[in-house]
Amino acid sequence: MKHALLVWLLRAFARKQSPFFVLDTHAGAGAYALEEGPAKLTGEWRRGIGLLLANPPPALADYLGLVQRLGLYPGSPLLIRACLREGDRLACCELHPEDVALLRARFVRDRQVGVHARDGYEALRALLPPREGRGLVLIDPPFEDPEEYDHLLKALRGTFKRFRHGVYAVWYPIKHRAPVRAFHTMLAESGIRDILAAELVLREPTDPTRLNGSGLVVINPPFRFEEEVRAILSALLERLGTGQAGAGVRLVRLADE
Ligand SMILES: C[S@@+](CC[C@H](N)C(=O)[O-])C[C@H]1O[C@@H](n2cnc3c(N)ncnc32)[C@H](O)[C@@H]1O
């Protein structure tokens, strides 16, 4: 869900000729092997990306085409890189040393990509606003720290003041409703303008130990985001949903322009 919407946002940026900058604050390893290591053990991908590749819905053609072209299972850095044009730039931040090494190896001698072994929230202060004046910021934290939402909000509020026209995409897990509701309220009251939350829920989010769905908050969503993203989410639900109670697609406006 996150990657399909990310690709849509990148294409929207590429509709204008002038160069753009992408900051991936929590970049991960860049790409993942599905037939070895933990992915092979759980086999979860077969009920996710595996199903989509076997029967690609038209609304996901662009994203799935990239997955096939890139091979492995591409993470955000590889997908973003694939959507850059000459002159666009990507900065990836990651704290885990092994992932940093993998990213550096992947982008060695790539003058459009910078890999930073630094805290992604701190990078929001250091790397924004970008010299291009246009930029997409992907914030995709692990949500292992109970205070992640607070760190996120604090960083976002400060960054928005300095880079108001940036497009921000923030992924969040939907395990149960209470933390999501609290996050939405904090955003609505943050003073940040033009915020939409897009959610895909696969089953009633009542079991806090399971990932029952996920959401992407988008600040300053580009033109036509709402309509086209609804089509992408509906296609995902059709292929991945099991028809369980509480499943659905939601687009919630948290703050007006
Ligand atoms: C959910 S994964 C990122 C996945 C990646 N964005 C993708 O879509 O392929 C979160 C990553 O954030 C890293 N991380 C955790 N805290 C961080 C921080 N404060 N700054 C930068 N990276 C961090 C973790 O090591 C992990 O690789």
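The values are calculated or read from the model by the stated rules, or taken from the named source; none is laboratory data. Computed from a prediction, not measured in an experiment: that's the story for all the values here. Quick reminder, even Gly has a Cβ in these numbers, built from the backbone with ideal geometry, and neighbours come from all protein chains shown.
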Legend entry - Subset tally (residues that are in contact (Cβ under 8 Å) with a residue 60 or more places away in the chain, in a helix (DSSP H, G or I) and surrounded by fewer than 20 Cβ atoms within 10 Å (Cβ to Cβ)) for segment 9-38: 3
Inset, instruction - Return the residue satisfying two criteria in turn: it lies in segment 18-37 and is modelled with pLDDT of 95 or more and away from the ligand (no atom under 16 Å from the Cβ), and of such residues it is nearest to the chain's Cα centre (by Cα). - result: F21
Inset, instruction - Among the residues of segment 198-228, write down those that are modelled with pLDDT under 95, in contact with a strand residue (DSSP E or B) (Cβ under 8 Å, 6 or more places away or on another chain) and either surrounded by fewer than 16 Cβ atoms within 10 Å (Cβ to Cβ) or assigned to a helix (DSSP H, G or I) (or both). - result: L211, E226
Inset, instruction - State all residues of segment 100-149 that are within 20 Å of Y32 (Cα to Cα), part of a helix (DSSP H, G or I), touching a residue at least 60 places away in the same chain (Cβ under 8 Å) and within 19 Å of the chain's Cα centre (by Cα); if no residue qualifies, say none. - result: L103
Legend entry - Options R15, R47, R11: the member that is away from the ligand (no atom under 13 Å from the Cβ) and within 16 Å of the chain's Cα centre (by Cα): R11
Inset, instruction - Could you list all residues from segment 50-65 that are away from the ligand (no atom under 13 Å from the Cβ) and assigned to a helix (DSSP H, G or I)? - result: G50, L51, L52, L53, A54, P58, A59, L60, A61, D62, L64, G65
Inset, instruction - Output the residues belonging to segment 90-108 that are more than 10 Å from the ligand (Cβ to nearest atom) and either at pLDDT below 95 or touching a Leu at 6+ places or on another chain (Cβ under 9 Å) (or both). - result: L90, A91, R106, F107
Legend entry - Tally, over segment 39-95, of residues that are of a type outside the set (S, T, Y) and farther than 17 Å from D110 by Cα: 35
Inset, instruction - Enumerate the pairs (first residue in segment 39-56 and touching a residue at least 24 places away in the same chain (Cβ under 8 Å); second residue anywhere and part of a helix (DSSP H, G or I) and among the hydroxyl-bearing types (S, T, Y)) with beta-carbon separation below 9 Å, excluding pairs fewer than 6 apart on the same chain, so at least 6 apart or on different chains. - result: L52/Y63
